[in-house]
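Asks: I am attaching a structure below and will ask some questions about it afterwards.
The values are calculated or read from the model by the stated rules, or taken from the named source; none is laboratory data. Just so you know, these numbers come straight off a predicted model, no measurement behind them. For neighbour counting, all protein chains shown are included, and Cβ atoms are generated from backbone atoms with ideal geometry for every residue, glycine included. We work out accessible area using only protein heavy atoms, side chains counted, and drop any ligands, DNA or RNA first. Shrake-Rupley method; radii C 1.70, N 1.55, O 1.52, S 1.80 Å.
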Amino acid sequence: MKNLIFFGPPGAGKGTQAKIISEYLNISHLSTGDILRKKLLEKDDLAHELNKIMSSGNLVSDDILNSIVASRLRNEASKGFILDGYPRTLHQSEFLENFLSETSNTINFIFNIEINFEILTRRIIKRSSVESREDDNLEVIETRYNEYINSTQKVSDFYKKKYAHIYHQIDGSSQIEEITKKIKEILKKT
């Protein structure tokens, strides 16, 4: 059983890599973005609130995400999982640490996919034209990137210090296949 976390700014390719690696390891890919987008389809009050938050580029509250992730992890923890888009804040990382401790689980690998803002912007605009995602426009991209730098980057740095032995920096400007190859090599070594 392997448990992984993928970090990286929006558009860095963490979702793409998490999906590929989840199939490779035969474990669940828990993408908070996908979970939240599915919730939006339910058209209830929470979905309406989430739509306002996400379409403006802001992050969903810690309490909402912690609740969603905890319920999913309870089902997946015994099989292994990949977290993609979580934890994004130090509060979420504390919640995750406590949850893992209470359920006798650990994180085995942490991958941080790094990419510069110009490449990232081109990628997201291209993705938007293919997937027709409303949250992929330049204003939202800048908001989400700044949110990442101001909060999630701190979480990634926290994990880098605390778990240096399982933390791996990945160059996100490479082609998808090259990034996947590098991640698989790291997974095979340990």
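Asks: From the set of residues in region 105-132 that are closer than 20 Å to residue 167 by Cα and polar (S, T, N, Q), which is modelled with the lowest pLDDT?
Replies: The selected residue is 116.
Asks: Another question about this same structure. For a quick check of your reading: which helices (runs of 4 or more DSSP H) sit entirely within region 1-110 and have at least 1 residues that are open to solvent by less than 60 Å² (accessible area, probe 1.4 Å), under 23 Å from residue 175 (Cβ atoms) and in contact with a helix residue (DSSP H, G or I) (Cβ under 9 Å, 6 or more places away or on another chain)?
Replies: Those helices (runs of 4 or more DSSP H) span 14-25, 32-40.
Asks: Okay, moving on. What are the residue pairs meeting all of these: first residue in region 60-76, first residue under 10 Å from residue 92 (Cα atoms), second residue among the small types (Gly, Ala, Ser) and crowded, with 16+ Cβ neighbours inside 10 Å, Cβ atoms under 6 Å, and 6 or more apart or on different chains?
Replies: Sorted first by the residue in region 60-76, then by its partner, the list stays empty.
Asks: Quickly run through region 146-190 and pick out the residues that are among the aromatic types (Phe, Trp, Tyr) and out of contact with any Ser or Thr (no Cβ under 8 Å at 6 or more places or on another chain).
Replies: Those that are among the aromatic types (Phe, Trp, Tyr) and out of contact with any Ser or Thr (no Cβ under 8 Å at 6 or more places or on another chain): 148, 163, 167.
Asks: Out of all the residues in region 147-171, which are closer than 21 Å to residue 121 by Cβ, surrounded by 13 or more Cβ atoms within 10 Å (Cβ to Cβ), out of contact with any strand residue (DSSP E or B) (no Cβ under 6 Å at 6 or more places or on another chain) and not acidic (Asp, Glu)?
Replies: Passing the criteria: 148, 151, 152, 153.
Asks: So residue 174 clears everything in (1) in contact with a helix residue (DSSP H, G or I) (Cβ under 6 Å, 6 or more places away or on another chain); (2) of a type in the set (Ser, Thr, Tyr); (3) modelled with pLDDT under 95; (4) open to solvent by less than 40 Å² (accessible area, probe 1.4 Å) except one condition, right? Which one?
Replies: (1)
Asks: Could you please let me know if residue 170 is under 17 Å from residue 113 (Cβ atoms), among the hydrophobic types (A, V, I, L, M, F, W, C) and not in a helix (DSSP H, G or I)?
Replies: For residue 170, the condition - under 17 Å from residue 113 (Cβ atoms), among the hydrophobic types (A, V, I, L, M, F, W, C) and not in a helix (DSSP H, G or I) - is met.
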